[in-house]
Each structure stands twice: as C-alpha cells, then as structure tokens.
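The values are calculated or read from the model by the stated rules, or taken from the named source; none is laboratory data. All of these numbers come straight from a predicted model, not from anything done at the bench. Cβ atoms come from the backbone with ideal geometry, glycine included; neighbour counts cover every protein chain shown. When the accessible area is computed, the model is the full protein with side chains, heavy atoms only, and any ligands, DNA or RNA have been set aside. Shrake-Rupley method; radii C 1.70, N 1.55, O 1.52, S 1.80 Å.
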Amino acid sequence: MTSLTVLATGPLATVQDLGRRGWAHVGVGSSGAADVPAHRLANRLVGNPPDAATIEITLGGFACRCSAATLVAVTGAPCTISVDRGLPLAVGQAAALGAGTTLRLGTPPTGLRSYLAVRGGVDAIAVLGSRSTDTLSGIGPPPLRAGDLLMVGPEPGTPVPTDLAPPAPPLDVVRVWPGPRLDWFEPTAASTLVTSAWTLGADSDRVGARLAGTVLTRARREELPSEGLVAGAIQVPPDGRPVVMLADHPVTGGYPVIAVVDPDDLWSVAQARPGDVLRFKWRRGLHAAAPQSR
Amino acid sequence: MSPDGSAVRTIPYGPRAALIDLGDGSDPAALAAALRARLGEGVTIVPAARTVLVDGLDAELVAAHVDQLGAAPRMAASAGGETITIAVDYDGPDLAWTAARCGMSVEEVVAAHTAPTYVCAFCGFAPGFAYLSGLDPRLVVPRREAPRTSVPSGSVAIAAEHTAIYPRSTPGGWRLIGRSDAVMWDLERGSRPALVEPGDRVRFVAR
C-alpha cells in the first residue's frame, strides 16, 4: 500500500475532505476544505472522487516522500513545487512521481491555502463520517507533523485525466447577500460594508477571517439568542469588527449576521492572507422583501 | 401565526439557506424535527433558541414547507428522550457574583438551580454543548462582557435563559456556578457521543 511520509508541514497542514454532515444537532460543525473549488480541482486532476481527502497546506512549506509510484496535483495558492528527481511541477497539473520521490512546496507569493491531492486519496481515519481536521472542536485527525505516515487509498480505477488548470486569481470584489440580522444595524452599516476596504487580520484562521476597517454600528444593543450559522456568514461582535465564517465555524453563534458571502465567492476569502484587502458588493438589491410565512 | 400572534418569518440566509425566526412561544425543536422528516439528510437543519436554520435549500422553498406544515409542529412540545442526572460541586468562580446579582443567598441559588427538570432545547457552540431550558427566571443573568480565554472542562454555567455544562476547556462567556464530572462529549461512545441531545431532560444535584 502506498504511503506518504511527512517531512515538513509549514505553518499548518491538515487533512481535509468535503466535511462532516449530519451532526449539527449535537454541536459538530461541518469543517472540510476552506477553499472547496481548489480541493475539488486537485482531486479531479488525479482522477479522485470529489470527497477524497487532500492535504490543505497553509502558506506552503510542506514536504513529503512517497513510498511508491503515485500521481499528485497541487492547486490553490501557487507554491513552487520541487522534486528531488525531475523537473519542478506546476500548480494545477497532475504529475507522476516515482517511488521514493521527495516533494517540497515553497511559500506561495500570493494566496494562503494549497491543496495536495494524491491518487487514491489520503486514507486517514474518518471520524463521524469525515476525514477533515476541525481546528475548533479538535474532531478528526490532528494537524500533521513531521514524521507522520499517511496511508494512501486504493487505486480508484478511474481514467487518468489530462487537464491543466492554471490558478485562478483572487476576486477583486466579493459578492455578499443581505444577512438575516441586517436590520440589527444602523442603516449606514449596509453601505459601509460595501464601500470600506477591509484588511484581513493576523488572527484569522480556519474558523473565521477577521476583518479590520470601519466599525459597523448596531442599532439594536440587546443580546441576540444563539442561532445557526452558515459558512460565509459575516458576524459582527460588540467591537464592530466583522468576522467571515469559514470552514471550522461553530454551529451556532450569538452575534448578528449582517451579510453572507456568496458561496461561489467564499474561496477567495479563504485565500486571503493577513494584510490583504477585501472589498464587498451586494449581490442582490436591499429592497427585495424576505419571504413571509403566515 | 405563533401562539403569541407574532408572525413567523422565513429570512433568506444567502442564496441556499434560510433562517426561520419563530419569535417567542414556538418550539424550534418540533419544527426542526418536522422539517427533517420532510427534507431528508441532504439539508442541514439547526434548531436554536428562537430559530431554525435550514442550510441547503433556498428561502422560498423553505417558506413553502413551513406554510404547509402549519401551526401544529410549531406548537407541539418535544416528547421522548432520556433523563440524565448530573452531580455538581457548587463552587464556581461566579457563584457569589450570581447570588449578589440576583439578590439571593448562595444556598438559594443552588436550590433554584437544582429544583427544575431541564430540557435540552438544542446543541451548538461546541460538540456536546447542550443548551438547557427551564432555568428559574430569578437566575437570568447576562454573559460576561469579555469571555474568559479558558473555562475548565465540566464547568456548570448559566447565561440568559439557559444553563449548560462546558464539554471541554474552551473560551467561554457564561457565568460559572459549579463543576461536574459529567462527560458531555465522548467519541468512544459510538453512535451517541453527546451525553445530552435535544429533547433529553436533565436534573442537577448538589454534592
């Protein structure tokens, strides 16, 4: 059976798949890859099903050695990819590695998270139906460390694709929808959200992208009873600094949600690095009425 | 309409989710169970204090389902579930503060906290974190302005209208009135890793 020996991890490397579903009722969040399109693309490039586990690598620095001949691909943040035998690899392209080859990722000049897929998938132990590392609850495999041995799943028996997918540049502006508690904010907050330049804080992580910019002022000051959250929800705590919920967000929260990042644009927030500037625009008119139940 | 006459609102939550705001007096757990039976496993349903989140279906479809279900599931009380008794050492760092804030003695606070049979209204915040409803109204206190960076595992806490036990050491903003050995979350327990699930009943006893 093929295995990968982890030689270096960079700042953070975790096993991720498409997440954990069906356990929200006992407080277990969905977790999973922070940049879902990049994870899916990496799997597609090596002929894996989309829910095969990949390695999510934050700010590069990951290195491993494969025990047997294998097919790999790296997507997301554009690291340099060097091998000890052969020419450097390109992000967004599958490459065949011979047995014993060492693969080494550099630090990407832009972007935050890269995804390494290996044909057959990373065969970590699934917990509650997923191999994802949830950094908030600790459920799933622990973050990777040098010396770890990762098993690779069996040959999937699918055709080997010959795709080439150059990395997508980050979005200039991220689309947002009105949040369920937009009416908890001063009327000016809605325009502040889309006119401000938001800087990603260094305290951002897989739980949330913490933004600094103009303070968003609440109109209602009472406590909001805890309610369900979705990935992409933009929560505003009492300090007025918005947080965009990412893959490891908690199931419920008690801060009002002013807006929601469009699910198709959330990958771009997950690729922002500390110091990057984000801008938002409304996806849909503010005057569209919420559907009313009788 | 919910029993107090307020409209039940289905609010869009992005393009593929909706938040059903029940206002006061309706039972989110009952509506969540009814929706789960209709919508199956592909949709994530999260009941909470006053709301039900439906993630995976657009708001117009969710509103149509809520309308079709009508008033009955919103008014039905949750039935079934287990009763769990939890022993507590009432010696938390916020016990004296809570007593002073509520105008009661520490003994009265303990008596008021151990008297009811609580119901788990929903779980959230962390795996195994059960929001228990039925707290004596005299014990309703606000969360801390700034959460503690680390709350001991097993801490028994109150905030707003709920009481809960922290399943592991995490940051926490609730008022800590005691400690218990109850293991709120254990993956070794197989199909029931959470000690208390929505609909279960809980009693506290002082030791």
Which numbered condition A:A99 misses (of (1) closer than 22 Å to A:P11 by Cα; (2) away from chain B (no Cβ under 14 Å); (3) modelled with pLDDT of 95 or more): (1)
Pick from the stretch B:18-34, criterion out of contact with any Phe, Trp or Tyr (no Cβ under 7 Å at 6 or more places or on another chain) and either farther than 15 Å from B:G70 by Cα or at pLDDT below 85 (or both), ranking: surrounded by the fewest Cβ atoms within 10 Å (Cβ to Cβ): B:D24
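Quick one: count up the residues across the stretch A:197-249 that are in a loop (DSSP other than H, G, I, E, B), among the hydrophobic types (A, V, I, L, M, F, W, C) and either within 14 Å of chain B (Cβ to nearest Cβ) or closer than 29 Å to A:E56 by Cα (or both).
Quick first cut of the stretch A:197-249, residues in a loop (DSSP other than H, G, I, E, B) only: A:197, A:201-207, A:213-217, A:219-226, A:229-232, A:236-242, A:246-249.
Among the residues that remain, those that are also among the hydrophobic types (A, V, I, L, M, F, W, C) are: A:197, A:202, A:207, A:215-216, A:219, A:224, A:229-231, A:236, A:246-247.
Checking the rest, the ones that are also either within 14 Å of chain B (Cβ to nearest Cβ) or closer than 29 Å to A:E56 by Cα (or both) come to A:197, A:202, A:207, A:224, A:229-231, A:236, A:246-247.
Adding up the residues that qualify gives 10.
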Residue check, B:V196 of a type outside the set (S, T, Y) and over 18 Å from A:A24 (Cα atoms): no
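Can B:V141 be described as modelled with pLDDT under 95, hydrophobic (A, V, I, L, M, F, W, C) and surrounded by fewer than 21 Cβ atoms within 10 Å (Cβ to Cβ)?
Yes: the conditions hold for B:V141.
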Count of residues meeting criterion [within 23 Å of the chain's Cα centre (by Cα), hydrophobic (A, V, I, L, M, F, W, C) and surrounded by fewer than 17 Cβ atoms within 10 Å (Cβ to Cβ)] in the stretch A:148-164: 2
Within the stretch A:53-71, tally of residues that are aliphatic (A, V, I, L, M), open to solvent by 10 Å² or more (accessible area, probe 1.4 Å) and under 16 Å from A:V152 (Cα atoms): 3
Residues satisfying the stated conditions in the stretch A:19-45, i.e. surrounded by fewer than 21 Cβ atoms within 10 Å (Cβ to Cβ), of a type in the set (D, E, K, R) and either within 14 Å of chain B (Cβ to nearest Cβ) or assigned to a loop (DSSP other than H, G, I, E, B) (or both): A:R21
Residue within the stretch B:145-159 that is under 24 Å from B:A29 (Cα atoms) and among the small types (G, A, S) present: yes
Failed condition for B:P147, given (1) modelled with pLDDT of 95 or more; (2) within 14 Å of chain A (Cβ to nearest Cβ): (1)
Residue in the stretch B:174-193 that is under 26 Å from B:L31 (Cβ atoms), open to solvent by less than 60 Å² (accessible area, probe 1.4 Å) and away from every other protein chain (no Cβ under 12 Å) present: no
Some residue of the stretch B:97-109 being within 19 Å of the chain's Cα centre (by Cα) and surrounded by 14 or more Cβ atoms within 10 Å (Cβ to Cβ): no
Considering residues of the stretch A:119-158 that are out of contact with any Leu (no Cβ under 6 Å at 6 or more places or on another chain), away from chain B (no Cβ under 14 Å) and not in a loop (DSSP other than H, G, I, E, B) only, the residue nearest to A:V72 (Cα to Cα): A:V152
Qualifying residue in the stretch A:126-136 (condition: basic (K, R) and over 13 Å from A:T14 (Cβ atoms)): no
Any chance A:L144 is touching a strand residue (DSSP E or B) at 6+ places or on another chain (Cβ under 7 Å), loosely packed, with under 13 Cβ neighbours inside 10 Å, closer than 22 Å to A:N43 by Cα and in contact (Cβ under 8 Å) with a residue 60 or more places away in the chain: no
Residues located in the stretch A:233-244, provided they are in contact (Cβ under 8 Å) with a residue 40 or more places away in the chain and at positive phi: none
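Can you tell me which residues in the stretch A:196-221 are farther than 15 Å from A:L112 by Cα, of a type in the set (D, E, K, R) and buried (at least 16 other Cβ atoms within 10 Å of the Cβ)?
Result: A:R218, single match.
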Which numbered condition A:W177 misses (of (1) within 30 Å of A:N43 (Cβ to Cβ); (2) touching a Lys or Arg at 6+ places or on another chain (Cβ under 7 Å); (3) open to solvent by less than 60 Å² (accessible area, probe 1.4 Å); (4) more than 14 Å from chain B (Cβ to nearest Cβ)): (4)
Any hit, the stretch A:258-271, residues being within 14 Å of chain B (Cβ to nearest Cβ), buried (at least 23 other Cβ atoms within 10 Å of the Cβ), over 30 Å from B:A32 (Cα atoms) and not basic (K, R): yes
Output for the stretch B:35-60, where each listed residue is out of contact with any Leu (no Cβ under 6 Å at 6 or more places or on another chain), open to solvent by 20 Å² or more (accessible area, probe 1.4 Å) and more than 7 Å from chain A (Cβ to nearest Cβ): B:R36, B:A37, B:R38, B:L39, B:G40, B:G42, B:G56, B:L57, B:D58
Conditions (1) hydrophobic (A, V, I, L, M, F, W, C); (2) open to solvent by less than 10 Å² (accessible area, probe 1.4 Å); (3) within 30 Å of A:A13 (Cβ to Cβ): number failed by A:L224: (3)
